[in-house]
Amino acid sequence: FPVTIGRPRSISTPLLHALLRFHIEPINGCCFPVTIWSHKLGICIPYRNRKEHLEQLVPRLSKHLTEQGIEHKFYVGHQVDDKLFNRGAMKNIAAQYAFNDGCDYIAWHDVDMVPLETYCDYSYPEENLIHIATKLSKYNYGLGYDQYFGGVVLFTKEQVEKTNGYSNGYRDWE
């Protein structure tokens, strides 16, 4: 079955057999067992004045993550004042809400980036943070420049704490 899925937690063999026997759900005309996931992803989106992008991203990304079997919730850091946009602060605020809500990892996610392929894997980053946005359509499915780091990045709660999040000192970046 060609669907990229996240990493399920370890469960005992008798429990696994019980799940396989009793918990089957049809998805896209096929049936497969429901897996118990041990991680919750918070999608943290810095946002201001991009309603059309947000309305496209949320349902498409939610469908993508659901197909991967990833428990998730969206957190939008929405700057509503007329001051210069503070992207870092909006990311950090969204992340704080996600962690307080029980997420153990986050995706700092630009509002205008949508996964086009099933291989965009949003699974829990076991050891290192994961930079997902590495094949961008606007750059012929490559990176715009070698030092590019952004778009969509997965961090565990511990990695965010170690790096102290994004800087709140930069403004005027949309």
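At-a-glance table
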quantity: Within the accessible area of the stretch 67-147 (1.4 Å probe), percent carbon and sulfur; calculated: 47 percent
quantity: Rounded accessible area of His109 (nearest 10 Å², 1.4 Å probe); calculated: 0 Å²
quantity: Where chymotrypsin sites (Phe, Trp or Tyr not before Pro) fall in DSSP loop in the stretch 91-130, at most 15 other Cβ within 10 Å; calculated: Tyr119
quantity: Gyration tensor (alpha-carbon) shape descriptor, the stretch 78-169, a/c threshold 1.5; calculated: oblate
quantity: Two-site FRET efficiency, Asn100 against Asn140, from Cβ-Cβ distance with R₀ of 35 Å, rounded to 0.05; calculated: 0.30
quantity: Heavy-atom SASA rank of Arg60, Arg87 (probe 1.4 Å, accessible area, largest first); calculated: Arg60, Arg87
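The values are calculated or read from the model by the stated rules, or taken from the named source; none is laboratory data. Bear in mind the structure is a predicted one, so any value in this text is a computation, not a measurement. Note that we place each Cβ from the backbone using ideal geometry, even for glycine, and neighbour counts take in every protein chain shown. For the accessible areas, the whole protein counts, side chains as well, though only heavy atoms, and no ligand, DNA or RNA atoms are used. Shrake-Rupley method; radii C 1.70, N 1.55, O 1.52, S 1.80 Å.
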